[in-house]
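First comes the structure, then the notes that go with it.
The values are calculated or read from the model by the stated rules, or taken from the named source; none is laboratory data. As the structure is a prediction and not an experimental result, all values here were calculated from the model. Here the Cβ is made from the backbone with ideal geometry for all residues, glycine too, and neighbour counts use every protein chain on show. The protein model used for the area step is the full one, side chains on, heavy atoms only, and it has no ligands, DNA or RNA in it. Shrake-Rupley method; radii C 1.70, N 1.55, O 1.52, S 1.80 Å.
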Amino acid sequence: MNIWIDLLHTPQYNFYHQFILKLASEGNNVFITVLNRGKMPQIVSRELSGVENLSIDVIGNHSMNKKSAVFDANIKRYFQLFKWSCNKKIDIAFSNGYLCSAVCFIKCIPSYTFDDDPQTFDYKLKIAFAKKSHYCLYKLPEGYK
């Protein structure tokens, strides 16, 4: 199985770390895309180096300012991810962001998103594009579906 996991910042990598190792150890092809944000690409590459059935691609950039967050990490990255995914034959995808699910939605690939904050701007996008969006909540917010 070809599995795509898209990582946007370090806490997400920590969330997926053991899952990634288990999937790769079971013989699945695991494709990791990492947003170039802080030291995350170096951390992911260092900790997952030598793992078989795993490839890591750094796609997109976040320069820690609003313009970069909107244009580089979202608009531009969407098209970069779409192009990257064209020859991968992905079966399923996981992410905490909406871009992975938006790409998968267009390509009819099931994707699953996770988050801990349904008040974020991309909540409705995750709900719209992902097959299922999961949230760790301590209290159900108003209007929660």
* 18 Å Cα-Cα reach of K124 towards aspartates and glutamates, excluding residues that sit fewer than 8 places from it in its own chain -> D115, D116, E142
* Asked: Which pairs break 23 Å Cα to Cα here: K39/K89; K88/K131; K39/K107; K66/K132?
  -> K39/K89; K39/K107; K66/K132
* Roughly to the nearest percent, how much of the accessible area of the chain is carbon and sulfur, given a 1.4 Å probe? -> 57 percent
* Asked: So how far apart, in nm, are the two label points at S45 and D117 if each is 7 Å from Cα heading toward Cβ?
  -> 2.8 nm
* Using a 1.4 Å probe, how large is the accessible area of F94, given in Å² and rounded to the nearest 10? -> 30 Å²
* What accessible area per residue comes out for the chain, rounded to a whole number of Å², with a 1.4 Å probe? -> 58 Å²
* To do: Please label the shape of region 8-74 as rounded, prolate or oblate, based on the square roots a ≥ b ≥ c of the eigenvalues of the alpha-carbon gyration tensor (a/c under 1.5 means rounded; beyond that, a/b larger than b/c means prolate, else oblate).
  => prolate
* **Length gained when the stretch K76-E142 is fully extended (0.36 nm per residue, less Cα-Cα span)** => 20.5 nm
* Asked: Efficiency by 1/(1 + (r/R0)^6): what FRET value for K132 and N65, r their Cβ-Cβ distance, R0 = 25 Å, to the nearest 0.05?
  -> 0.15
* Calculate, axis by axis, the spread of Cα positions in the chain along the three principal axes, and write the results as whole Å, longest axis first. => 45, 32, 30
* Asked: Applying the Karplus parametrisation 6.51 cos²θ - 1.76 cosθ + 1.60 with θ = phi - 60° to the phi angles of region 35-50, what ³J(HN,Hα) value in whole Hz is obtained for each residue in order, glycine and proline being reported as x?
  -> 6, 6, 9, x, 9, 4, x, 5, 5, 4, 4, 5, 6, 9, 5, x
* Structure fact -> Around K131 (Cβ within 14 Å, Cβ-to-Cβ, excluding K131; K/R +1, D/E -1) the net charge comes to +2
* **Mean Cα-pair separation over length for the chain, i.e. relative contact order, pairs under 8 Å, 6 or more apart, %** => 21 percent
